[in-house]
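So the structure is just underneath, and the comments pick up after that.
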Amino acid sequence: MSATHIENVERKNLVILGSTGSIGRQALEVVEAHRERFSVVGLSAHSRGDVLMEQVRLFKPKVVGISDREVADSLRETLKDLGVELFTGEDCLCELSSLEEADLVLNAVVGSVGLPATLEALRRGKTLALANKESLVAGGELVMKALEKGGKLLPVDSEHSAIFQCLQGEEVTGVERIILTASGGPFLGKTREELKEVTVEQALAHPTWKMGRKITVDSATLMNKGLEVIEAHFLFGVEYQKIKVLAHPQSVVHSMVEFKDGSIKAQLSLPDMRIPIAYALSYPERWGPPFTTTDLERIGELTFGKVDLETFKCLNLAYQAGFMGGTATAALNAANEVAVEAFLQGRLSFLGIGDTVERVLDQHHPEKAEDLNTIIEVEKEVKEKTRLLIEDRGGG
Ligand SMILES: NC(=O)c1ccc[n+]([C@@H]2O[C@H](COP(=O)([O-])OP(=O)(O)OC[C@H]3O[C@@H](n4cnc5c(N)ncnc54)[C@H](OP(=O)(O)O)[C@@H]3O)[C@@H](O)[C@H]2O)c1
């Protein structure tokens, strides 16, 4: 492609929710590599004001959102001097995703706090690149309904990006099965007994991916894979029975689709989130040069195996919540968010995460997930219940 051609491309007006996080920062690396293709119109942070300010100076957004009010207050004057508009508080994510000039919104915040902004972007007809899987787990039905308003949803999660790529040019009716690959995290092959004394540091040492703290713990418990099963169910309209998880410690095959005729399509690359992020931001085009090239000769071997569902009960619980339907997946997610936070703060053991979520889910009576208020109420109630259960366990 000639330089003149690149100069003439239409710029995408991009908003990044959660720009200070792992996905957000990598998305800005993609933007940096393709500066002529993007105008960054909005960025958001929660607590990392210093990182946000660096990004503001580099990418010159018109607007920023800071959900933590103290951090927002500390930066108000500086932002004013730079001519950057400031949105604050929880609603800032929705305000950013509904910006008139935004045509592409990347939701890269962590947790179901991202759900309202997902809904807002889609209802406004924007293209939404979705990393925030908790949006779909907590409110999958609502998200798919909001999509009917004319927006577009592009997956960022590497597994779902892989499936999305395998499905290009295919009919969903031809799909026999979706095969999600799982690195297995740092504890693949361990027994429950061996996981009794797991420390936060050990759980955060992921062998193949460098990610935010919450998703890294979710990867170690395999709840992340469970959340991805639910995410895949909603994104691709495939029944839970047809979504299989396979352990694949190299994290090179990011997922696969098996078709009715026996063919299996897969998408491969070395583990580098900038690849699926760039695909979502460039879709339907593909832009080079690549961030990472994948030398299969050097990789040599790709292996696949069964996942131990007894040790990693969180994956089973996610299927269970999926089968229960309605608000059950929101309840699973809310309980998990509280349990992971407690683990990271040393108030709950590693195995306690799954045990606690199991107890919460067993006691949950799902309602229809018809509107955002129902989900917010269920989440509030479940989070409170989970906190009490964790207190009762006394750190175990
Ligand atoms: N990291 C990966 O490789 C990866 C891969 C696939 C999918 N995902 C998904 O992508 C999402 C982000 O993951 P991550 O690893 O990038 O997480 P992360 O590094 O922890 O970043 C999370 C982002 O969300 C912001 N945030 C946190 N709490 C918030 C709140 N209450 N309100 C508004 N914003 C809030 C953070 O702001 P501050 O940093 O300023 O506090 C940060 O910008 C998650 O849903 C994860 O499951 C991540």
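So which residues in the stretch 60-93 are under 22 Å from the mean Cα position of the chain (by Cα) and buried (at least 19 other Cβ atoms within 10 Å of the Cβ), if there are any at all? Before you say what the answer is, go through the steps one by one.
Initially, the stretch 60-93 is screened for residues under 22 Å from the mean Cα position of the chain (by Cα), giving 64-68, 89-93.
Matches in the stretch 60-93: V64, G65, I66, S67, C92, L93.
Given the options D103, D68, D73, D91, name the one that is over 28 Å from T292 (Cα atoms), more than 14 Å from the ligand (Cβ to nearest atom) and of a type in the set (D, E).
Details: D103 fails: over 28 Å from T292 (Cα atoms); D68 fails: more than 14 Å from the ligand (Cβ to nearest atom); D91 fails: more than 14 Å from the ligand (Cβ to nearest atom).
Of D103, D68, D73, D91, the one residue that is over 28 Å from T292 (Cα atoms), more than 14 Å from the ligand (Cβ to nearest atom) and of a type in the set (D, E) is D73.
May I ask you to list the residues in the stretch 118-145 that are in a helix (DSSP H, G or I) and within 9 Å of the ligand (Cβ to nearest atom)?
We begin by selecting, within the stretch 118-145, every residue in a helix (DSSP H, G or I); these are 118-123, 133-145.
Within the stretch 118-145, K133, E134, S135 qualify.
For (1) in a loop (DSSP other than H, G, I, E, B); (2) touching a residue at least 40 places away in the same chain (Cβ under 8 Å); (3) on the phi < 0 side of the Ramachandran plot, each residue gets a yes or a no:
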{"site": "E100", "(1), (2), (3)": "yes, no, yes"}
{"site": "L106", "(1), (2), (3)": "no, yes, yes"}
{"site": "V110", "(1), (2), (3)": "yes, yes, yes"}
{"site": "L115", "(1), (2), (3)": "no, yes, yes"}
{"site": "G150", "(1), (2), (3)": "yes, no, no"}
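Within the stretch 299-310, identify whether any single residue is of a type in the set (A, V, I, L, M, F, W, C), outside any loop (DSSP other than H, G, I, E, B) and surrounded by 14 or more Cβ atoms within 10 Å (Cβ to Cβ), and answer yes or no. Working first, answer last.
In the first step, residues of the stretch 299-310 are kept if they are of a type in the set (A, V, I, L, M, F, W, C); the result is 299, 302, 304, 307, 309.
Applying the additional criterion that residues be outside any loop (DSSP other than H, G, I, E, B) yields 299.
Those left that are additionally surrounded by 14 or more Cβ atoms within 10 Å (Cβ to Cβ): none.
No; the residues of the stretch 299-310 include none that is of a type in the set (A, V, I, L, M, F, W, C), outside any loop (DSSP other than H, G, I, E, B) and surrounded by 14 or more Cβ atoms within 10 Å (Cβ to Cβ).
Report the residue count in the stretch 88-108 for those that are of a type outside the set (S, T, N, Q) and touching a Ser or Thr at 6+ places or on another chain (Cβ under 8 Å). It would help to see each step written out before you state the result.
Just the residues of the stretch 88-108 that are of a type outside the set (S, T, N, Q), to begin with: 89-96, 99-106, 108.
Still in the list and also touching a Ser or Thr at 6+ places or on another chain (Cβ under 8 Å): 89-90, 92-93, 96, 103-105, 108.
Here the count works out to 9.
Mind checking which residues of the stretch 137-179 are farther than 15 Å from N107 by Cα and touching a Gly at 6+ places or on another chain (Cβ under 7 Å)?
Within the stretch 137-179, K149, G150, V172 qualify.
State whether one or more residues within the stretch 300-316 are touching a Pro at 6+ places or on another chain (Cβ under 6 Å) and modelled with pLDDT of 95 or more.
In the first step, residues of the stretch 300-316 are kept if they are touching a Pro at 6+ places or on another chain (Cβ under 6 Å); the result is none.
Within the stretch 300-316, not a single residue is touching a Pro at 6+ places or on another chain (Cβ under 6 Å) and modelled with pLDDT of 95 or more.
With respect to G174, is the statement that it is without any contact (Cβ under 8 Å) to a residue 40 or more places away in the chain and among the small types (G, A, S) true? First the steps, then the outcome.
On the way: without any contact (Cβ under 8 Å) to a residue 40 or more places away in the chain: no; among the small types (G, A, S): yes.
In short, no.
Which ones in the stretch 143-186 are surrounded by fewer than 24 Cβ atoms within 10 Å (Cβ to Cβ) and of a type in the set (D, E)?
Once the filter is applied, which keeps residues that are surrounded by fewer than 24 Cβ atoms within 10 Å (Cβ to Cβ) and of a type in the set (D, E), the stretch 143-186 yields E148, E170, E171, E176.
Got a sec? Which of S97, S44 is near the ligand (Cβ under 10 Å from one of its atoms) and either aromatic (F, W, Y) or surrounded by 17 or more Cβ atoms within 10 Å (Cβ to Cβ) (or both)? Explain how you work it out, then say what you get.
On the way: S97 fails: near the ligand (Cβ under 10 Å from one of its atoms).
So the residue among S97, S44 that is near the ligand (Cβ under 10 Å from one of its atoms) and either aromatic (F, W, Y) or surrounded by 17 or more Cβ atoms within 10 Å (Cβ to Cβ) (or both) is S44.
Here is a yes/no grid of residues against (1) away from the ligand (no atom under 16 Å from the Cβ); (2) in contact (Cβ under 8 Å) with a residue 24 or more places away in the chain; (3) among the basic types (K, R):
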site: D157; (1), (2), (3): no, yes, no
site: S161; (1), (2), (3): no, yes, no
site: F187; (1), (2), (3): yes, yes, no
site: K210; (1), (2), (3): no, yes, yes
site: I215; (1), (2), (3): no, yes, no
site: L222; (1), (2), (3): no, yes, no
site: K225; (1), (2), (3): no, yes, yes
site: E239; (1), (2), (3): yes, no, no
site: V257; (1), (2), (3): yes, yes, no
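Name the single residue that is nearest to the chain's Cα centre (by Cα) among those in the stretch 104-160 being among the basic types (K, R) and closer than 25 Å to Q267 by Cα.
Looking at residues that are among the basic types (K, R) and closer than 25 Å to Q267 by Cα, I get K133.
Looking only at residues that are within 15 Å of A27 (Cα to Cα) and of a type in the set (V, I, T) in the stretch 48-65, which one is nearest to the ligand (Cβ to nearest atom)?
V51
The values are calculated or read from the model by the stated rules, or taken from the named source; none is laboratory data. The structure displayed is predicted, hence computed values, not measured ones. Cβ atoms come from the backbone with ideal geometry, glycine included; neighbour counts cover every protein chain shown.
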